[in-house]
Amino acid sequence: MKTMQWEDNKLLLIDQTKLPDELTYFECKTYQDVIKAIKTMVVRGAPAIGVAAAFGMALAYISGDNPQKAAREIKSSRPTAVNLFWAVDRVLGSDSPVDEAIKMYDEDIKTNKSIGAYGSKIIDDGDTILTHCNAGALACVDYGTALGVIRTAFKEGKNISVVCNETRPLCQGARLSVWEMQQDKIPVELIVDSAAGYLMQTGAIDKVVIGADRVAQGGVANKIGSLMVALAANRFNIPFYVAAPKSTFDYQNSIYDVEIEERNPEEVLYFGTSRLAPAETIIRNPAFDIVPDDLITGIITEEGIIKPF
């Protein structure tokens, strides 16, 4: 399941805002189209955002746009996922922007399958694995990081099942992760975010595997709600793993210096077209939180499983 395709100097993105009801594609002919897709969550997930940004830079070069201007604007589209900045700079410094973007596209698939191969070693036969948000094929070019670990273990014949947090307010767990698991016929159950602690307390969860939008000194930034999952896992002695490619690593900064994106309050105020609270309600809508390194059992990368740094 490839999240994006490069065809005839255009980028086609699965419109993830329409899933699971409708599988449609968003066409990007300019780098501004890519920015719109990133801002509106047509494409989301750190690795996918990174590769989409690379193709956005390629489109800027093809159109004769100022590459430095395009780079600044693409980087400003979402602040937390470090892959975005890494990808833009990599294409900006290349001799052949289109070829470089295509190379990154291919690398992403290989990277995720390597993460899956290393990560499957921590999955035992009979495990029930809890995941939060969507770190699957839809968050990458293909295959996925956290869900790639689960996919590999399942393909190896391990008798496993998955529990997905719904991941409010945009419900990427409910809409995307459950859908992906169902496509692969992997046993999956959906829970509301606030049920995760209870399931861990009752012994229903054996391991937790999530993705990351940035790995830096002191911990990881991931979808809002990840911290509560990590705290509950720590309390009930459940291994808590993060699956992330090296492109998500920020070696220079503290995780606590990362800008945490605040998104539109209406994402919380409304569920679809239904308003959930009084119209004048004051709302906070942080998109990410920080899991400190002492709550993380290991980080699964394409080069092996490492300790947080």
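Values in this text are rule-based calculations from the coordinates and carry no lab data. Note that the structure is predicted; figures quoted are calculated from it, not measured. In this analysis, Cβ positions are derived from the backbone assuming ideal geometry, glycine residues included, and neighbour counts consider all displayed protein chains.
In table form, for the structure just shown:
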{"quantity": "Calculated [θ] (222 nm, deg cm²/dmol) that DSSP helices of n ≥ 4 give over the chain, each run adding -39,500 (n - 2.57)", "calculated": "-10500 deg cm²/dmol"}
{"quantity": "Alpha carbon centroid spacing (whole Å) that separates the stretch 240-309 from the stretch 109-162", "calculated": "20 Å"}
{"quantity": "Sparsely packed trypsin sites (Lys or Arg not before Pro) within the stretch 199-291, loop by DSSP, other Cβ within 10 Å at most 15", "calculated": "Arg284"}
{"quantity": "Over the stretch 152-271, relative contact order from alpha-carbon pairs under 8 Å, at least 6 apart, %", "calculated": "23 percent"}
{"quantity": "Ser274-Glu7 FRET efficiency (beta carbon distance; Förster radius 35 Å; 0.05 resolution)", "calculated": "0.40"}
{"quantity": "Whole-angstrom gap from the stretch 168-209 to the stretch 1-80, using each part's C-alpha centre", "calculated": "28 Å"}
{"quantity": "Distance between modelled label sites at Asp99 and Ile62, nm, 7 Å Cα→Cβ extension", "calculated": "1.7 nm"}
{"quantity": "Whether the stretch 116-208 is rounded, prolate or oblate, judged on the alpha carbon gyration tensor where a/c under 1.5 counts as rounded", "calculated": "oblate"}
{"quantity": "Gyration tensor (alpha-carbon) shape descriptor, the chain, a/c threshold 1.5", "calculated": "prolate"}
{"quantity": "Gyration tensor verdict on the stretch 122-306 (Cα atoms; rounded if a/c is under 1.5, prolate if a/b is larger than b/c, oblate otherwise)", "calculated": "oblate"}
{"quantity": "Rounded FRET efficiency, nearest 0.05, which uses the C-beta distance separating Lys18 from Arg235 and R0 of 51 Å", "calculated": "0.85"}
{"quantity": "The stretch 155-198: trypsin sites (Lys or Arg not before Pro) falling in loop per DSSP and having at most 10 other Cβ within 10 Å", "calculated": "Lys185"}
{"quantity": "Integer Hz, Karplus 6.51/-1.76/1.60 couplings in order for the stretch 223-230, x for Gly and Pro", "calculated": "3, 3, x, 4, 4, 5, 5, 5"}
{"quantity": "Proximal aspartates and glutamates to Lys121, defined as alpha-carbon separation beneath 12 angstrom and excluding residues fewer than eight positions away on the same chain", "calculated": "Glu156"}
{"quantity": "Per DSSP, loop GluC sites (Glu not before Pro) in the stretch 163-252 with at most 15 further Cβ within 10 Å", "calculated": "none"}
{"quantity": "Lys155 paired with Val192, simple spin-label distance in nm, labels 7 Å along Cα-to-beta-carbon", "calculated": "3.7 nm"}
{"quantity": "Other-chain or far-sequence residues with amide H under 5 Å of Thr80's (modelled H)", "calculated": "Glu261"}
{"quantity": "Hypothetical label at Glu266: residues of the stretch 7-30 whose amide nitrogen lies under 17 Å (7 Å Cα-Cβ projection)", "calculated": "17-18"}
{"quantity": "Entries of Lys75/Lys158; Lys10/Lys207; Lys155/Lys223 with Cα pairs more than 31 Å apart", "calculated": "Lys75/Lys158; Lys10/Lys207"}
{"quantity": "Summed residue charge, Cβ within 15 Å of Val258's Cβ, Lys/Arg positive, Asp/Glu negative", "calculated": "-4"}
